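**Q** Have a look at the structure that comes next, please.
The values are calculated or read from the model by the stated rules, or taken from the named source; none is laboratory data. Everything numeric here is computed off the predicted structure, so don't read it as measured data. No Cβ is skipped: glycine too gets one built from the backbone with ideal geometry, and neighbour counts run over all protein chains shown. These accessible areas exclude ligands, DNA and RNA; they are computed on the full protein's heavy atoms, side chains included. Shrake-Rupley method; radii C 1.70, N 1.55, O 1.52, S 1.80 Å.
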Amino acid sequence: MVQTLATLKVFADKYKDLPTLGFTHYQPAQLTTVGKRCTLWMQDLVLDLERVTYEIDMLPMRGVKGTTGTQASFLDLFDGDHSKVKALDKRVCELLNFKKSIAVSGQTSTSLSLTRRPRDWPRTGTPAGANPPVDTRNR
């Protein structure tokens, strides 16, 4: 997305003075420029990039758990020392650039983390405090 934004920046600058007919609600509107219209596409991509970055940052790792989703085998390896198992889980997460791991899992990661909307995201899909979505009807 970053490379696409860089390419679109060059395009927007190149065509910043080229007039084109604007549209609103699928009807002709006042003149705008091709460059301005491109910046609207870019704004959407910036919002998408923020969303993707947020989702990646918040995605928990499954953690170090055996094939059935427990840490029993690791507990055996560390002679029942829970603190060592927790330390291993934390270290593996750090090495793989995850901020946290899922506390309880089965053989696979939970799919709920992929379908739930974080509480701090309003219904518009943008992070709290971010700019509101661009009105795409004016394209």
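**Q** Can you say whether residue 48 is over 30 Å from residue 97 (Cβ atoms) and open to solvent by 40 Å² or more (accessible area, probe 1.4 Å), as far as the supplied structure shows?
**A** Numbers: over 30 Å from residue 97 (Cβ atoms): no; open to solvent by 40 Å² or more (accessible area, probe 1.4 Å): yes.
No.
**Q** Related question: Looking only at region 53-76, count every residue that is modelled with pLDDT of 90 or more and either open to solvent by less than 40 Å² (accessible area, probe 1.4 Å) or β-branched (Val, Ile, Thr) (or both) and tell me the total.
**A** Adding up the residues that qualify gives 1.
**Q** Let me ask another. Kindly list, by first and then second residue, each pair from a residue in region 22-35 that is over 16 Å from residue 12 (Cα atoms) to a residue that is modelled with pLDDT under 95 and of a type in the set (Phe, Trp, Tyr), limited to pairs with Cβ atoms under 8 Å and residues at least 6 apart or on different chains.
**A** 29/23
**Q** If you don't mind, another one. Could you list, in sequence order, all residues of region 77-108 that are assigned to a helix (DSSP H, G or I) and open to solvent by less than 70 Å² (accessible area, probe 1.4 Å)? First the steps, then the outcome.
**A** Filtering region 77-108 for residues assigned to a helix (DSSP H, G or I) gives 77, 82-95.
Within region 77-108, 85, 87, 88, 89, 92, 93 qualify.
**Q** So which residues in region 47-62 are outside any loop (DSSP other than H, G, I, E, B) and free of Cβ contacts under 8 Å to residues at least 60 places away in the same chain?
**A** Scanning region 47-62 gives 48, 49, 52, 53, 55, 56, 57, 61.
**Q** Please go through region 46-74 and pick out each residue that is touching a helix residue (DSSP H, G or I) at 6+ places or on another chain (Cβ under 8 Å) and over 18 Å from residue 93 (Cβ atoms).
**A** If the condition is that a residue be touching a helix residue (DSSP H, G or I) at 6+ places or on another chain (Cβ under 8 Å) and over 18 Å from residue 93 (Cβ atoms), then 46, 49 are the ones that fit.
**Q** If you don't mind, another one. With respect to residue 65, is the statement that it is within 30 Å of residue 106 (Cβ to Cβ), of a type in the set (D, E, K, R) and either in the same structural domain as residue 88 (by the TED database) or not in a helix (DSSP H, G or I) (or both) true?
**A** yes
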